[in-house]
Each structure stands twice: as C-alpha cells, then as structure tokens.
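Take a look at the structure below.
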Amino acid sequence: MKKVNSLRTPIYRDSGFWLKDIPTMKKAFADEVNHPADPDLYIYSRYRNPTVVQAEQELAKIEGSAWALLAQSGLAAIDIALSIFQVNAQPVKWLFFSEIYGGTNTFIDKVLVARRGFNIVRFTPTNDSYSLSQFERLMEEQKPDIVFLEAISNPMLIVADVPEIVKISKRFGAKVIVDNTFATPYILKPLDFGADLIIHSATKYLAGHGNLSAGVVCGNDIDLLKQAIEYRKLVGHMISPDDAYRLSDYLKSFHLRISQHFSNAQRIAEFLSKHPAVEKVLYPSMAYHPTNNIASKIFSKGYGGIVTFDIKGNSFTNKQENCNTFIQLVSHNIHLIPTLGDADTILMPVEPVWGDRYPFPGMVRLSIGIEPPESLINVLKNALDKISC
C-alpha cells in the first residue's frame with residue numbers, strides 16, 4: 001500500500017505490531033530495555049502506540065516540557081506520578097496540600113495509606129490561603145520526600161504560590177508534583193520554577209469537550225520519564241489510540257478555547273459580584289479574594305475558568321431552597337454535570353457534593369464555557385432575579 005499524503009498521524013488500533021523477522025524482533029525488545037518514548041520499532045500498544053505518542057508530543061509542546069506521558073484518566077496519571085517515587089521497602093513520608101481534588105484525597109486514604117502503608121502529612125490553609133511560613137516550618141519538622149499540590153484548588157479556588165512553594169520544597173530536598181488542571185499551561189508552567197512533575201486531568205481543559213477521559217504526566221527529567229513509561233506499561237494505564245487521536249485534534253484549539261474560558265469567567269465573576277441575590281463570589285481576580293495577591297503575581301493571562309459563588313438566604317434551609325431554585329431555573333441552558341472544563345458552561349452544587357468539608361448550601365461551582373458571555377449573563381440574571389432574598 002502506498003503512503004498516504006496526510007499530515008495527520010492515523011489511528012493505529014494494532015494491539016501488536018509487525019516485526020518482520022527474528023533480528024527485528026530482537027532489536028525491538030533490546031531497545032525496549034531503555035524505555036524509549038518514541039521507539040523505532042513498536043511492539044505492543046500497552047507499551048507504546050504511535051497515535052498516543054503523537055498526542056504526547058503535542059502536549060509536551062503546550063506544557064513546554066521535555067516529555068509528556070498519557071494515561072486513561074487523571075487519577076491514572078496521579079498514580080503514575082506518585083508510584084514511581086516509591087522504591088522497595090524504603091520508608092515514605094509525603095506531604096499533600098489538603099485542598100486538592102476529592103478523588104486524589106480518596107486515593108491517598110484508600111490506596112496510599114490503607115493499602116501501601118504510606119506516612120502522609122497534610123498541609124492545610126489558614127483563612128483560605130496557604131501560609132508560606134507555616135509551610136516552611138512543616139517542611140523543617142517533617143522533611144517529606146514528596147510535596148503534592150494543586151495550583152488552584154477545587155472548589156474554593158485557593159491559589160498556591162507555586163514558585164515559592166517549589167523553592168522551599170527544594171531547599172529541604174523534596175520532589176514536587178503539581179496538579180495544574182485548573183490553571184492549565186496557558187497561565188502557569190510550574191516546570192519553569194523547578195517542579196519535578198506536572199499532572200493534568202486532560203479530561204478537562206486540554207480535551208475540553210466533555211467526551212473523553214485522559215490524564216497526562218509531564219516533566220523534564222528523562223530518568224523519571226523512563227520510570228513512568230515502565231510503570232504505565234506494567235499496570236496498564238494506557239489511553240486508547242482513538243482517544244489519543246481525538247485529543248490531538250482538540251489540542252489544536254487549546255489556546256483559543258482557554259482564552260475564551262478565562263475571559264468569560266472574568267466577565268461572569270464581575271456580573272455575579274454585583275447581583276443582589278449573590279452573597280459572595282470566589283474568583284482569584286477579585287481584590288477581596290484571599291489569594292488575589294498571589295494570583296496577580298504568578299498569573300499573567302487570566303485567573304481560571306471556574307467561578308464559585310454563594311447565593312443569599314436567611315437560613316441554611318432557605319439558602320438550600322434558593323440554590324435548588326437557581327439550578328432548576330438555569331437547567332435548560334446550564335446543566336448539572338459532575339466534571340468541568342467542558343466547552344459548555346456546567347455547574348455543581350457544593351454542599352451536596354462535598355458535604356461537611358464545605359457545608360455551604362447556597363454555593364455553586366460554575367465551570368464557565370466558551371459561549372458568548374452575554375448569553376451566559378442573560379441566563380444567570382434571569383434566574384437570580386427570581387431568587388427571593
């Protein structure tokens with residue numbers, strides 16, 4: 001068959017790849033010992049797949065990293081990023097910032113602690129911001145091997161001073177892993193400040209259309225890449241070539257989409273902050289936000305695509321009722337879907353999902369889409385105008 005003059009890497013659905021003779025097979029398996037990211041000879045799609053490799057190379061360009069490694073979900077990427085630092089029976093002490101994705105926190109409790117017996121330390125914010133002096137004291141007391149944090153927390157949107165946290169962590173000899181899903185490489189590239197690994201739930205803004213699941217680990221250290229490739233291969237955390245192909249297409253519009261997400265979010269936050277039915281808006285660009293000074297320092301092109309706000313009410317029950325009413329009123333245009341980063345604006349009520357962790361019955365997390373902002377404001381205004389305060 002003749003080579004097709006296409007600029008796209010096709011979808012290679014092969015489970016195993018053709019090795020034409022024994023010398024070729026020997027070379028392929030000899031090369032595999034070094035875990036090449038883009039092998040000359042592919043062997044088996046659980047090891048590496050050319051369609052997946054193409055998507056990984058595009059992701060590395062966006063992240064500004066030496067390499068990127070895809071997995072089938074954000075949590076699979078987290079498992080890879082953390083597991084490659086566990087060696088034999090060496091004692092482990094890892095520090096996690098407390099304001100991280102709920103699935104990550106459950107993974108810590110149910111897998112790292114309950115199944116693997118890790119010694120886990122958590123660092124919590126004070127007055128909805130992270131104190132660098134308290135962090136430094138904790139590092140000195142605990143001396144953890146790993147520090148794991150999110151650049152922007154979910155759902156309270158606490159911005160971590162990533163450059164300073166990396167600097168302090170490195171002074172104490174810790175490796176740093178940053179979940180950069182909310183900030184995205186559009187406004188923050190933690191590798192530039194010396195972080196060791198970056199992870200994303202690529203399901204969210206990198207894919208951006210709410211119709212595929214993926215995770216990615218990015219880094220500059222080639223030894224970490226080889227370890228991550230080996231771990232992914234052995235536990236089977238490989239994304240499908242079909243999803244990788246679609247992700248490659250979605251990445252072409254990444255910067256356009258993210259610019260619209262973030263500018264829309266700014267507009268929506270400003271509108272909500274002035275509406276009489278809204279008690280409080282959590283968005284890092286707001287001057288009163290507890291981490292506005294940090295966000296203004298480390299972000300240059302926006303403050304994220306998530307806006308969390310609290311609807312007014314004179315009691316817990318009344319706020320709950322108002323929240324329910326609001327969600328029903330916008331439901332034809334803004335849907336309740338338990339994810340974020342979609343091209344369409346979607347929402348999540350905070351208290352029913354997070355419970356006692358964030359017991360705020362009137363609070364809603366909006367994942368702002370790329371629709372015309374005027375239409376979004378019109379939908380929100382029509383609903384909020386009907387809320388009795």
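Numbers at a glance
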item: Over the stretch 348-389, relative contact order from alpha-carbon pairs under 8 Å, at least 6 apart, %; result: 29
item: Relative contact order %, the stretch 280-389, counting alpha carbon pairs below 8 Å whose residues are six or more apart; result: 26
item: Charge dipole magnitude, Cβ of K and R +1, D and E -1 - the stretch 93-178, Cα centre, debye nearest 20; result: 440
item: Mean separation of Cα contacts under 8 Å (6+ apart) over length of the chain, as relative contact order %; result: 17
item: Nonlocal amide H pairs with Asp179, under 5 Å, H built at 1.01 Å; result: Leu149, Glu150, Ala151, Ile199
item: Accessible area expressed per residue, the chain, with surrounding protein chains retained (probe 1.4 Å, Å²); result: 44
item: Cut-off under 5 Å, modelled amide H: who pairs with Ile346 long-range; result: Ser367, Gly369
item: Correct option for mean projected area of the Cα convex hull in nm² [calculated from the coordinates] among (i) 18.3; (ii) 21.1; (iii) 22.8; result: (ii)
item: The chain - charge dipole about Cα centre, Lys and Arg +1 at Cβ, Asp and Glu -1, debye rounded to 20; result: 420
item: Per-residue [θ]222 nm for the chain (sum of -39500 (n - 2.57) over DSSP H runs n ≥ 4, rounded to 500); result: -11500 deg cm²/dmol
item: DSSP beta bridges in the chain [antiparallel fraction, %, rounded to 5]; result: 60
item: Out-of-range pairs (alpha-carbon distance over 29 Å; input Lys204/Lys386; Lys226/Lys301; Lys93/Lys167; Lys175/Lys297; Lys189/Lys226; Lys252/Lys301); result: Lys204/Lys386; Lys226/Lys301
item: Summed side-chain charge close to Ala28 - residues other than Ala28 whose Cβ falls under 12 Å, Lys, Arg +1, Asp, Glu -1; result: 0
item: Most mobile of Ser169, Ser98, Ser375 in a GNM of the chain (Cα contacts under 10 Å); result: Ser375
item: The stretch 53-192: antiparallel DSSP beta bridges as a percent of all, rounded to 5; result: 15
item: Positive-pole candidate from Leu132, Ser153, Val92, dipole of the stretch 89-207, charges at beta carbon; result: Val92
item: Surface share of carbon and sulfur [accessible, 1.4 angstrom probe, percent] for the chain; result: 52
item: Highest-first arrangement of 237-245, 198-206, where packing means the average Cβ count within 10 Å; result: 198-206, 237-245
item: Of Glu150, Glu230, Glu141, the one that fluctuates the most in a GNM where the chain has Cα springs shorter than 10 Å; result: Glu141
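The values are calculated or read from the model by the stated rules, or taken from the named source; none is laboratory data. Computed from a predicted model, the values in this text were never measured in an experiment. Quick reminder, even Gly has a Cβ in these numbers, built from the backbone with ideal geometry, and neighbours come from all protein chains shown. Side chains are part of the model used for accessible areas, which takes the heavy atoms of the whole protein and leaves out ligands, DNA and RNA. Shrake-Rupley method; radii C 1.70, N 1.55, O 1.52, S 1.80 Å.
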